[in-house]
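A short worksheet on the structure shown next.
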Amino acid sequence: MQRSLSRVLVLDDAGLFRMLDGSFVRRLGCEIMRAHDGPDVLRKANARPPDLILLDAHTPVLDGAGCVRALKANPVLRSIPVVVVTTIDDVAGCCAAGADAALARPLTRGALELALSSFDNVTQRRGRRRAGRAWVQVAGPHGVARGRLKDISRSGLFLALREPIGETSPVIVTLRLPGPAGDRAVRTRGVVVRQVPPDPDSHLIPGIGVRFVEIDPDDVQHIERYVNAIPAGEGDDTAGIASESRHS
């Protein structure tokens, strides 16, 4: 199975990031690497660059702002998002050092997931998209629902759904997608990265944007063939759909 987000490097106290085991990061299928102190963060990040770095600046083995400065001074590592959890007095210092996000203790419910979901390499869909009209079954935390496919790319889809599922919810998506060699049943695990609730005053279609996090390589190839085989006159839907599903 193919996973979209691969690796998170964490330096924490005995339990602060234990919540990751059941969180958005774990549901994305990430490998979670642990570091013991600031120098270990730099060593491991250089050896195997992660997609995200999470630092608990409350630990006695870490100078949070100093570690952030060292990471951002390294041309190989400076583009990696760094999230720091620290005291309210040190938030400004960590941000000044270059942290992409700094959260004050005690963490409010959902604060870590909200910070992580703001980064493009976690939530952004990539690649060309194509509109679709297939029926889609989506199984989430509150049961199974049925909606209409609005557009799809190799990394995710936007689904018109009467009662949208909450952001960061894990889902299983199943649909039949046409292709040059015939229809194929595509089944993938994903996470909801955009929710558009019903609003009579809005032009947006109610539904959810789903980012694929676990999908069979053969299904990816079938989606790519479907997306790239746009019939003459249909055009590329990327620009027109961006306003309603740009984060899916």
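Please determine whether any residue of the range 106-120 is at pLDDT 70 or above, surrounded by fewer than 15 Cβ atoms within 10 Å (Cβ to Cβ) and touching a helix residue (DSSP H, G or I) at 6+ places or on another chain (Cβ under 9 Å).
Looking for residues that are at pLDDT 70 or above, surrounded by fewer than 15 Cβ atoms within 10 Å (Cβ to Cβ) and touching a helix residue (DSSP H, G or I) at 6+ places or on another chain (Cβ under 9 Å), one finds at least one in the range 106-120, hence yes.
Got a sec? Which strands (runs of 3 or more DSSP E) wholly within the range 1-97 have at least 1 residues that are at pLDDT 90 or above?
52-56, 82-86
What strands (runs of 3 or more DSSP E) lie completely within the range 129-197 and have 1 or more residues being outside the structural domain of Ala115 (by TED's automatic domain parsing) and charged (D, E, K, R)?
Output list reads 143-153, 170-177, 184-196.
Run down Thr174, Thr188 and say which single residue is surrounded by 18 or more Cβ atoms within 10 Å (Cβ to Cβ), touching a strand residue (DSSP E or B) at 6+ places or on another chain (Cβ under 9 Å) and at pLDDT 85 or above.
Step by step, each of Thr174, Thr188 is checked, and only Thr188 is surrounded by 18 or more Cβ atoms within 10 Å (Cβ to Cβ), touching a strand residue (DSSP E or B) at 6+ places or on another chain (Cβ under 9 Å) and at pLDDT 85 or above.
Could you list all residues from the range 141-184 that are touching an Asp or Glu at 6+ places or on another chain (Cβ under 7 Å), touching a residue at least 60 places away in the same chain (Cβ under 8 Å) and of a type in the set (D, E, K, R)?
If the condition is that a residue be touching an Asp or Glu at 6+ places or on another chain (Cβ under 7 Å), touching a residue at least 60 places away in the same chain (Cβ under 8 Å) and of a type in the set (D, E, K, R), then Asp151, Arg154 are the ones that fit.
Scanning the range 191-204 for residues that are of a type in the set (A, V, I, L, M) and crowded, with 17+ Cβ neighbours inside 10 Å, which turns out modelled with the lowest pLDDT?
The selected residue is Val193.
Select from the range 225-244 the residues that are modelled with pLDDT of 85 or more and in contact with a strand residue (DSSP E or B) (Cβ under 9 Å, 6 or more places away or on another chain) and write down the one among them that is farthest from Arg148 (Cα to Cα).
Filtering the range 225-244 for residues that are modelled with pLDDT of 85 or more and in contact with a strand residue (DSSP E or B) (Cβ under 9 Å, 6 or more places away or on another chain), the one farthest from Arg148 (Cα to Cα) comes out as Asn228.
The values are calculated or read from the model by the stated rules, or taken from the named source; none is laboratory data. All of these numbers come straight from a predicted model, not from anything done at the bench. Neighbour counts are summed over all protein chains in view; Cβ atoms, including those assigned to glycine, are modelled from backbone coordinates with ideal geometry.
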